[in-house]
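The values are calculated or read from the model by the stated rules, or taken from the named source; none is laboratory data. Here the structure is a predicted model, which means the values were calculated and not measured. FYI the Cβ positions are ideal-geometry reconstructions off the backbone, even for glycines, and counts take in every protein chain you see. Protein only, heavy atoms only, side chains kept; ligands, DNA and RNA dropped before computing areas. Shrake-Rupley method; radii C 1.70, N 1.55, O 1.52, S 1.80 Å.
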Amino acid sequence: MEDKFKTNILDKSALKTNGTVNYNSIGTFLTRVKEKNPGEIEFYEAVKEVIDSVWELLERHPKYLHSNILERLTEPERVIMFRVPWTDDQGHVHINRGYRVEFNSAIGPYKGGLRFHPSVNLDILKFLAFEQTFKNSLTTLPIGGAKGGADFDPKGKSEAEIMRFCQSFMTELYRYIGPATDIPAGDIGVSRREIGYLFGQYKRLSNEFNGVMTGKGAESGGSLLRPEATGYGLVYFVNEMLQAHNKSLEGQTVAISGSGNVAQFAAEKSLHLGGKVVSLSDSDGTIYDPKGLDEEKLTFVKHLKNEKRGRISEYAKKYDVTYLENQTAWNIPCDIALPCATENEIDEQDAIALVENGCRCVAEGANKPCQPGAVQVFLKNDLLFGPGKAANAGGVAVSQLEMAQNSMHTQWSRAEVDIKLQEIMSNIHSKCITHGEADRSINYIKGANIAGFIKVADAMLQQGLV
Ligand code: NDP
Ligand code: 2IT
């Protein structure tokens, strides 16, 4: 049976079986993705990266092509779009657009964050939900992939406005989610504060206190170490990559972008492991502190960003260091770069600058912060490159640990969660090596994509055409 299909694929003609059309080359498949999702550039790039990695595997295992698993995997199971009306403190009416992209539930209930940012649109959320599907698979935990959010800008809003927006958003979303169906969490612009308001409204509407959301405050059933998990996990992953190449973080200079949840705790764990963190940023600019952050400076950043909701330029004023207005961190000399702000923040020129300034390791705390051209520069120059779906998976992994604790009505200690997080990041690293080992080096992108793909695809085959 397999041989027959293999012959058909090599015939270079579209393979027709039972009315389904499969694809005889990456090119024809990707053209079809482009045509079906016009203008969705971010989604297309995310799909292309995965397909480039897994195509060889598909050719060796025609069962995937025969069952048209690629087309099934690139079509979200469900997309929900809805109106979010709310009033500001002056009584003016505003309308935002809310979304939940429930991408794939083959290995578990839909799971992924909510993003509140003016740039949110369907393309970005489909890309993030697609990535999330493979990331969640890589964690080895039973969670499917989703993403959601709204084109709402939390900046400059009062506490009451944030609460009213969250309540209105959840008043629509609550009917589609549940602890065994879809479990949202935070992302850009959605932190413990917003999760609290969203969860409160869900509880009120459903009359159930359950594990429908993760990233809750510890008093509301949140897991200890969830706030730290993405940043800590990122640095644990970097440590694994360095150790596999007989290196360590001790004494290394680390450039970090962003100053939100992921960046803060990536900086904290880098400090714990002996790194020198020289930069942080926000959408207005970057601070360059050649002496490096310490615990006191980091406490200042957390207060500035999480309580005061100020700008990172205030760090430069307080500690009398360089502020690079409207500039990124990628011209700063460093050994390790950790982009932790948003997608596409490192382009090809930035990548060349990083390499020329001595950077040897890049790991993505954000989702796809490195543009495809930048990734090529890193690979050509033999840098260690940790793709987001592996390197930043610690956040969603601890979210799943929060679900587990909620369903058992218990709370694990910080130390217990930390040990599990380290084990998970180490397992993800091992999977990347298993599937990404090449002649002299490890292609972590290929390793992560193949490992993530196999589990989801096999589960889909087991469950039939649904
Ligand atoms: P936060 O909202 O806490 O912080 C985001 C940071 O990135 C802020 O410093 C923000 O600056 C900056 N930023 C956001 N958008 C832009 C932009 N368009 N241009 C420049 N800077 C920008 O978000 P998180 O730290 O939670 O998320 C950061 C990244 O990590 C995202 O890519 C997210 O998808 C990813 N991620 C998050 C996880 C989590 O658990 N939170 C898990 C895995 C990945 P400003 O305040 O000026 O907007
Ligand atoms: O991109 C991500 O992995 C997240 N924003 C975390 C998702 C989650 O469900 O914890």
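Here are the numbers:
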{"quantity": "Filtered residue count, region 176-192, keeping only those that are over 14 Å from residue 203 (Cβ atoms), away from ligand 1 (no atom under 16 Å from the Cβ) and open to solvent by 30 Å² or more (accessible area, probe 1.4 Å)", "calculated": "3"}
{"quantity": "Per-region count, region 121-166, residues closer than 18 Å to residue 43 by Cα and either within 13 Å of ligand 2 (Cβ to nearest atom) or assigned to a helix (DSSP H, G or I) (or both)", "calculated": "21"}
{"quantity": "Cross-chain or 6+ apart pairs with Cβ under 8 Å, region 186-205 first and farther than 23 Å from residue 392 by Cβ and among the aliphatic types (A, V, I, L, M), then more than 7 Å from ligand 1 (Cβ to nearest atom) and open to solvent by 30 Å² or more (accessible area, probe 1.4 Å)", "calculated": "205/171; 205/174"}
{"quantity": "Flag if residue 443 is among the polar types (S, T, N, Q), in contact (Cβ under 8 Å) with a residue 60 or more places away in the chain, out of contact with any strand residue (DSSP E or B) (no Cβ under 7 Å at 6 or more places or on another chain) and open to solvent by less than 10 Å² (accessible area, probe 1.4 Å)", "calculated": "no"}
{"quantity": "Set 285, 233, 215, 221: member being more than 26 Å from residue 155 (Cα to Cα), within 11 Å of ligand 1 (Cβ to nearest atom) and open to solvent by less than 50 Å² (accessible area, probe 1.4 Å)", "calculated": "233"}
{"quantity": "Selection count where residues are open to solvent by less than 10 Å² (accessible area, probe 1.4 Å) and either out of contact with any strand residue (DSSP E or B) (no Cβ under 7 Å at 6 or more places or on another chain) or free of Cβ contacts under 8 Å to residues at least 40 places away in the same chain (or both), scope region 323-353", "calculated": "2"}
{"quantity": "Condition broken by residue 420, with the remaining ones in (1) open to solvent by less than 60 Å² (accessible area, probe 1.4 Å); (2) within 16 Å of ligand 2 (Cβ to nearest atom) satisfied", "calculated": "(1)"}
{"quantity": "Enumeration of residues in region 405-417 that are assigned to a loop (DSSP other than H, G, I, E, B) and surrounded by fewer than 18 Cβ atoms within 10 Å (Cβ to Cβ)", "calculated": "409, 410, 411, 413"}
{"quantity": "Filter result (farther than 19 Å from residue 343 by Cα and away from ligand 2 (no atom under 12 Å from the Cβ)) within region 104-120", "calculated": "104, 105, 106, 107"}
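A quick yes/no check of all residues on (1) among the hydroxyl-bearing types (Ser, Thr, Tyr); (2) assigned to a loop (DSSP other than H, G, I, E, B); (3) touching a helix residue (DSSP H, G or I) at 6+ places or on another chain (Cβ under 9 Å); (4) within 11 Å of ligand 2 (Cβ to nearest atom):
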| site | (1), (2), (3), (4) |
| --- | --- |
| 350 | no, no, yes, no |
| 353 | no, no, no, no |
| 368 | no, yes, yes, yes |
| 374 | no, no, yes, no |
| 385 | no, no, yes, no |
| 389 | no, no, yes, yes |
| 395 | no, no, yes, yes |
| 399 | yes, no, yes, yes |
| 403 | no, no, no, yes |
